[in-house]
Amino acid sequence: QVQLVESGGGLVQAGGSLRLSCAASGSISRINTMGWYRQAPGKQRELVATITNGGRANYADSVKGRFTISRDSAGNTVYLQMNSLKPEDTAVYYCNAAVLRTTWPPLNRDYWGRGTQVTVSS
């Protein structure tokens with residue numbers, strides 16, 4: 001019902017910036033919270049940032065003050081502005097959307113994009 005496509009990943013030097021974008025299509029009216037997660041080689045996927053329909057943002061401690069999550073007015077695109085990048089930020093970044101089910105029970109289901117690679121060199 002919802003498709004997520006990430007873009008904006010790439011190679012950047014430490015201290016540089018990147019902006020990731022995630023475009024949602026399908027049943028976008030039922031999307032609630034959206035967010036970004038990342039997974040580095042040999043590590044589990046971890047939360048980076050989330051943003052609710054009301055615009056409340058939540059960040060992992062490791063990125064607070066450096067990353068900013070935002071969402072367009074239509075609610076179908078979420079962004080992650082990444083500043084002061086560090087080599088430890090290197091990972092595959094995944095877009096996530098919590099989508100309200102169309103059938104009973106009225107619970108959210110998580111949808112995921114395929115990911116975009118972010119590599120930060122020292």
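The values are calculated or read from the model by the stated rules, or taken from the named source; none is laboratory data. Model, not experiment: these values are computed from the prediction. Please note: Cβ atoms are built from the backbone with ideal geometry, for glycine as well, and neighbour counts cover all protein chains shown. We work out accessible area using only protein heavy atoms, side chains counted, and drop any ligands, DNA or RNA first. Shrake-Rupley method; radii C 1.70, N 1.55, O 1.52, S 1.80 Å.
Ignoring ligands, DNA and RNA, what percent of the accessible area of segment 12-51 is carbon or sulfur (1.4 Å)? Before the final figure, lay out each step's value.
Details: 900 of 2000 Å².
With neighbouring chains kept in place, the figure for segment 12-51 is 45 percent.
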Under a crude label model (7 Å from the Cα following the beta-carbon direction), how far is Ala40 from Arg101 in nanometres? 3.7
Report, please, the projected area of the chain averaged over directions, based on the convex hull of its C-alpha atoms, in nm². 7.4
Given a 1.4 Å probe, how much area per residue of segment 22-122 is accessible, in Å²? 54
